[in-house]
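Each remark here refers to the structure printed beneath this line.
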Amino acid sequence: MKAIAVTPGAGVPEVVERPVPEPESGEALVRICRVGVDGTDYEVIRGTHGGVPDGDDRLVLGHEAVGVVEEANGTALEEGQYVVPTVRRPPADVETNEYFERGEPDMAPDGEYVERGIVGAHGFMAEYITSPADDLVPIPAELAQWGFLVEPISITEKAIEHARATRSAFDWRPESALVLGTGSLGLLTTAMFTQTLDYDRVYCLGRSDRPDPTIDIVERLGATYIDSRETPVPEIPDVHEPMDIVYEATGHAKHAFESIEALAPNGVAALLGVPDDWSFEVEGGRLHRELVLHNKSLVGSVNSNYGHFEAAIDTLSGLPNWVLEETVSGVYGLESVDRAFPEATAPVAAAGHGSAASSDDDTTIKTAVEFEDI
Ligand code: NAP
Ligand code: BGC
Ligand code: ZN
């Protein structure tokens with residue numbers, strides 16, 4: 001079968017031949033239809049995040065997938081049913097551990113999990129995958145074409161659940177939300193805040209010049225676009241308003257600290273970005289005081305579990321079709337895989353996000369690879 005693999009840090013994704021996997025007891029064989037590409041895939045390709053399975057020098061990419069059950073193999077799944085796989089699995093040398101037993105693999109620390117397509121386990125960019133049936137979340141056929149968006153939406157389901165949990169000891173009534181980042185995670189989250197979470201006032205911060213399709217999406221959603229070059233995060237409360245919730249999806253490490261300044265009293269900031277190492281100065285005393293005297297909260301959030309995937313499917317069904325169509329700028333077959341990874345094929349000197357595909361007629365927001373038509 002065909003799969004898309006990369007040598008992290010040393011190459012671009014390539015189509016490779018691999019044997020069709022055989023399901024073990026409790027596992028199903030799934031024919032993959034579509035797999036999304038996000039910022040994490042580029043971090044894996046660059047070799048700054050994740051890593052290959054032990055004994056391998058290449059990693060099959062892909063952690064945002066939707067497929068169809070080919071062989072249920074005696075599990076409760078039905079052949080022909082569309083499913084979305086979760087990402088984390090126990091490390092190769094153990095069958096399970098306490099986090100997986102509790103159904104909370106997303107809370108496992110380093111070393112207690114692998115992530116398919118990211119760290120220590122091959123991913124879903126292949127014609128066939130096997131997976132424990134318990135890690136395959138059924139999705140209705142009418143949503144299946146967008147099923148690769150369930151995983152990123154589930155990331156926000158978890159982050160918002162944890163952010164809310166930090167505010168659960170009092171009568172918190174959030175009205176304003178600020179999303180940092182106009183990548184796919186930022187845009188999907190802006191869509192959620194405006195469409196399914198019903199925040200009164202939603203803002204989204206980017207750094208693009210108009211005309212730009214991401215700004216168009218933000219504004220069509222009824223959110224306010226903020227250009228970080230004109231209004232840096234700490235100035236947002238003065239120019240706009242202090243925010244009840246901030247959702248950081250830039251991976252720009254200074255935003256973690258600047259979020260504290262953008263929050264209203266009693267607000268919470270959820271941090272999602274995975275920055276590289278970067279040392280810089282912060283006004284620690286002032287920010288510490290600000291957190292304490294205004295009951296502010298900062299919460300980091302990574303990955304998501306089965307329940308978040310189920311919530312994400314529900315959310316997906318509530319998002320208007322146009323947001324999905326505008327956010328997914330291209331779905332490409334194996335013959336044009338390079339178009340699904342425009343940043344990976346850019347010259348090294350211009351390999352930063354957005355640089356490869358920033359011409360007006362070919363702006364990439366989110367892409368997916370298609371193995372089988374839905
Ligand atoms: P992405 O496509 O790379 O999007 C990041 C966006 O942030 C880009 O649009 C980028 O703008 C923008 N940005 C970066 N620095 C900025 C600044 N100073 N001001 C304004 N905008 C800025 O990545 P993604 O897939 O949306 O994911 C976002 C982040 O979340 C990444 O760090 C990713 O690793 C992380 N992530 C974490 C989880 C988790 O479980 N915690 C899950 C998924 C993703 P340009 O286009 O101009 O560069
Ligand atoms: C994935 C998560 C994963 C995280 C850290 C994200 O892009 O969506 O499932 O836990 O990266 O590797
Ligand atoms: Zn991801």
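The values are calculated or read from the model by the stated rules, or taken from the named source; none is laboratory data. Treat the numbers as computed from the prediction; the structure is a model and nothing was measured. Note: ideal-geometry Cβ built from the backbone for every residue, glycine included; neighbour counts use all protein chains shown. Heads up: the accessible areas ignore ligands, DNA and RNA and are worked out on the full protein's heavy atoms, side chains in. Shrake-Rupley method; radii C 1.70, N 1.55, O 1.52, S 1.80 Å.
In table form, for the structure just shown:
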{"read-out": "Residue within segment 85-99 that is in a loop (DSSP other than H, G, I, E, B), closer than 18 Å to VAL274 by Cα and within 16 Å of ligand 1 (Cβ to nearest atom) present", "value": "yes"}
{"read-out": "Segment 1-16, residues that are part of a strand (DSSP E or B) and either in contact with a Cys (Cβ under 8 Å, 6 or more places away or on another chain) or crowded, with 18+ Cβ neighbours inside 10 Å (or both)", "value": "ALA3, ILE4, ALA5, VAL6"}
{"read-out": "Subset tally (residues that are of a type in the set (Val, Ile, Thr) and under 16 Å from THR156 (Cβ atoms)) for segment 251-277", "value": "2"}
{"read-out": "Boolean, GLY55 is out of contact with any Ser or Thr (no Cβ under 6 Å at 6 or more places or on another chain), within 16 Å of ligand 3 (Cβ to nearest atom) and in a loop (DSSP other than H, G, I, E, B)", "value": "no"}
{"read-out": "Test: residue in segment 222-239 that is buried (at least 17 other Cβ atoms within 10 Å of the Cβ) and more than 15 Å from ligand 1 (Cβ to nearest atom)", "value": "no"}
{"read-out": "Residue that is surrounded by the most Cβ atoms within 10 Å (Cβ to Cβ), among those in segment 17-76 that are of a type in the set (Val, Ile, Thr), away from ligand 1 (no atom under 16 Å from the Cβ) and under 15 Å from LYS2 (Cα atoms)", "value": "VAL30"}
{"read-out": "Flag if GLU248 is under 27 Å from GLU161 (Cβ atoms) and within 16 Å of ligand 3 (Cβ to nearest atom)", "value": "yes"}
{"read-out": "Counted residues, segment 80-98 - those being open to solvent by 40 Å² or more (accessible area, probe 1.4 Å), over 16 Å from GLY26 (Cβ atoms) and not small (Gly, Ala, Ser)", "value": "4"}
{"read-out": "Listing of strands (runs of 3 or more DSSP E) fully contained in segment 240-337 that carry 3 or more residues being crowded, with 20+ Cβ neighbours inside 10 Å and either under 22 Å from the mean Cα position of the chain (by Cα) or touching a residue at least 60 places away in the same chain (Cβ under 8 Å) (or both)", "value": "243-248, 263-271"}
{"read-out": "Any chance ARG102 is among the basic types (Lys, Arg), in the same structural domain as LEU59 (by TED's automatic domain parsing) and open to solvent by 60 Å² or more (accessible area, probe 1.4 Å)", "value": "yes"}
{"read-out": "Residue match in segment 165-180 (condition: within 9 Å of ligand 1 (Cβ to nearest atom) and in contact with a Leu (Cβ under 8 Å, 6 or more places away or on another chain))", "value": "yes"}
{"read-out": "Odd one out for THR315 among (1) modelled with pLDDT of 95 or more; (2) closer than 17 Å to GLU43 by Cα; (3) among the hydroxyl-bearing types (Ser, Thr, Tyr)", "value": "(2)"}
